[in-house]
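Everything below concerns the one structure shown next.
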Amino acid sequence: MTAITNHLPTAELQALDAAHHIHPFTANGELAEKGSRIITRATGVTLTDSEGNEILDAMAGLWCVNIGYGRDELAEVAARQMRELPYYNTFFQTTHVPAIALAAKIAELAPGDLNHVFFAGSGSEANDTNIRMVRHYWALKGKPSKSIIISRKNAYHGSSVGSGSLGGMSAMHEQGGLPIPDIHHINQPHWWAEGGDTPEDEFGLARAQELEAAILELGEDRVAAFIAEPVQGAGGVIVPPASYWPEIQRICDKYEILLIADEVICGFGRTGNWFGSETQGIRPDIMTIAKGLSSGYAPIGGSIVTDEIAAVIGGDEFNHGYTYSGHPVAAAVALENLRILEEEDVIGHVRDVAGPHLKEKWEALTDHPLVGEAKIVGMMGSIALTPNKATRAAFEEPGTVGYICRERCFANNLVMRHVGDRMIISPPLVITPTEIDLLIARARTSLDECHAILQDKGLL
Ligand SMILES: *Cc1c(COP(=O)(O)O)cnc(C)c1O
């Protein structure tokens, strides 16, 4: 048996990595000089690197390892499924048991009449499916002009050509000819950075009403759908004002516009409910899922759609699919993950134990001189670093201070990410109160060290 083990010294692994491996969202030349950190194993919420450091992973990988690392049950299920049926497709009038069982389970968990699943290999692929599906849906309903999808600046919906276009990341749009036609971006409900003197709720309402203004400007007969994350993740864990989502729902109801909730991060317990849409009180027509669906143990994503959409789409051949749509090993792993989430009441743990504990400790970080606001919903949180809390000022070169803080976190064996000058967390849902205390202690140490560095450099 060929095992992939850590058989080489770190420096040699780093040299091979630098020589042959192109990393995503990375300045690879710079990284090659510095050397990657090499993660060799993990259990629970703790990663181990090739130097033997034990690191608390407050990002759950990339927002995905909801049940924590090292669950043997998922490994067993994957091995069993690989022996029984490692692959078969779901094209050409065939199917298999893992895809059937997973689709049925997702339909049971999803709210309302979201009862049908189109599988993909990732969140990006699922959002590409959504672009084609909503346009095809309106064409089948005799309204082919409804092809524009409205999204938001600083949204993240994936990195393929389609999903990257849906997203509102200007740095991504600058590379590779994005966005594709008929994607329209409105402003985000980011009060801390963009709210000025407007009270939070008033600002939330105004940002939601930009959707109505866009529909009226573009024409209702041109707009197919609105897509948004219930809570923006990669954009910096931006929790919208309470006034925002009810107004968005009202507008989607008033006009003939499909609402797509991108649940790739919020789904499967992260906000304290099965879906972020439940936390925000919205009724989407389509949900994008991935990440927590399998807790990242296997790559799988999908689009959950209503009875009505499934019925319309079913009226014609949908010329779309992926080789790995409903991949049997990934589907079996996802099913086992959902079983664990349900039987161990992981969502109850988020709602009643870990969530309230983290909220209390996280919000207390605002007593630190660098921390302006602290936001948290379930197991996703952010803090805004600022040189002046009263004016919500930004640092001069956005992202520099966030990067310094991130480096201190790394040095203190804590994975906490920075988005500009916001620090964000999204730990495994199974994190215990004791582990939360450790997370907060390391975050405080890192913030103190960052503060000292800024004072030394005269940046405060
Ligand atoms: C990560 C993410 C995606 C893309 O998922 P991939 O599996 O990386 O393609 C889409 N939407 C949201 C909200 C995400 O966080």
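Brief remarks on what is shown
- Modelled FRET efficiency - R0 45 Å, LYS34 with GLU220, Cβ distances, 0.05 increments: 0.30
- Volume of the convex hull of the stretch 73-343 (Cα atoms only), normalised per residue: 125 Å³.
- Taking GluC sites (Glu not before Pro) in DSSP loop conformation with at most 10 other Cβ atoms inside 10 Å as exposed sites, the chain has its longest uninterrupted site-free stretch at 175-316.
- Per residue, in Å², the accessible surface of the chain once ligands and nucleic acids are set aside, probe 1.4 Å: 43
- Global form of the stretch 249-341, assessed from the alpha-carbon gyration tensor, a/c cut-off 1.5: oblate
- Close amide H pairs (under 5 Å, H built 1.01 Å from N) link ASP262 with ALA228, GLU229, THR288, residues at least 5 positions away or on another chain.
- Label sites at ILE180 and ALA242, each approximated as a point 7 angstrom past Cα along Cα to Cβ, lie 4.0 nm apart.
- Efficiency of FRET from Cβ geometry, SER145 and ASP197, R₀ 35 Å, rounded to 0.05: 0.30
- Per-residue SASA entry for LYS34, accessible area with 1.4 Å probe, Å² rounded to 10: 130
- The stretch between PHE318 and ARG132 holds 66.0 nm of extra length on full extension. This uses 0.36 nm per residue minus the Cα-Cα distance.
- Heavy-atom accessible area for ARG132, with the other protein chains in place and a 1.4 Å probe, reaches approximately 110 Å².
- Ranked by solvent-accessible area (1.4 Å probe, protein heavy atoms only, all chains present), the residues HIS157, HIS327 order from largest to smallest as HIS327, HIS157.
- Size of charge dipole - the stretch 73-343 - debye, nearest 20, with Cβ of Lys, Arg +1 and Asp, Glu -1, no other charges: 600
- What the phi angles of the stretch 120-126 give under the Karplus curve with 6.51, -1.76 and 1.60, with θ = phi - 60°, is a coupling list of 9, x, 6, x, 4, 4, 5 Hz, glycine and proline written as x.
- Cα-centred dipole magnitude for the chain, charges only on beta-carbon of K, R (+1) and D, E (-1), debye, nearest 20: 360
- Within the full protein context, the accessible area of VAL377 is estimated at about 20 Å² for a probe radius of 1.4 Å.
- Charge dipole of the stretch 24-126 about the Cα centre (unit charges at C-beta), most positive-ward option of LEU114, TRP63, SER36: LEU114
- Expressed as a fraction of 2.2 N^0.38 Å, the C-alpha radius of gyration for the chain is 0.98.
- Among the protein heavy atoms of the chain, carbon and sulfur supply 53% of the accessible surface, probe 1.4 Å, non-protein parts ignored.
- Efficiency of FRET from Cβ geometry, GLU256 and VAL161, R₀ 30 Å, rounded to 0.05: 0.65
- Cross-link table LYS146/LYS375; LYS254/LYS359; LYS105/LYS375; LYS105/LYS359; LYS291/LYS375; LYS153/LYS359, entries beyond 29 Å C-alpha to C-alpha: LYS146/LYS375; LYS254/LYS359; LYS105/LYS375; LYS105/LYS359
- Projecting the Cα atoms of SER446, GLY372, ALA79 onto the dipole axis of the chain, where Lys and Arg carry +1 and Asp and Glu carry -1 at the beta carbon, places ALA79 farthest toward the positive end.
- Label-point separation in nm, ALA171 to ALA311, each point 7 Å along Cα→Cβ: 4.6
- Accessible surface, 1.4 Å probe, highest first, among residues ARG250, ARG422, ARG408: ARG250, ARG408, ARG422
- Working note: Karplus 6.51/-1.76/1.60 with θ = phi - 60° gives the stretch 94-107 the couplings 10, 7, 8, 4, x, 5, 4, 5, 5, 4, 5, 5, 4, 4 Hz, where Gly and Pro are set to x.
The values are calculated or read from the model by the stated rules, or taken from the named source; none is laboratory data. What you see is a predicted model, and the numbers here were worked out from it, not measured in a lab. Glycine also receives a Cβ, built like all others from the backbone with ideal geometry; neighbour counts cover every protein chain displayed. Keep in mind that these areas ignore ligands, DNA and RNA; they rest on the heavy atoms of the full protein, side chains included. Shrake-Rupley method; radii C 1.70, N 1.55, O 1.52, S 1.80 Å.
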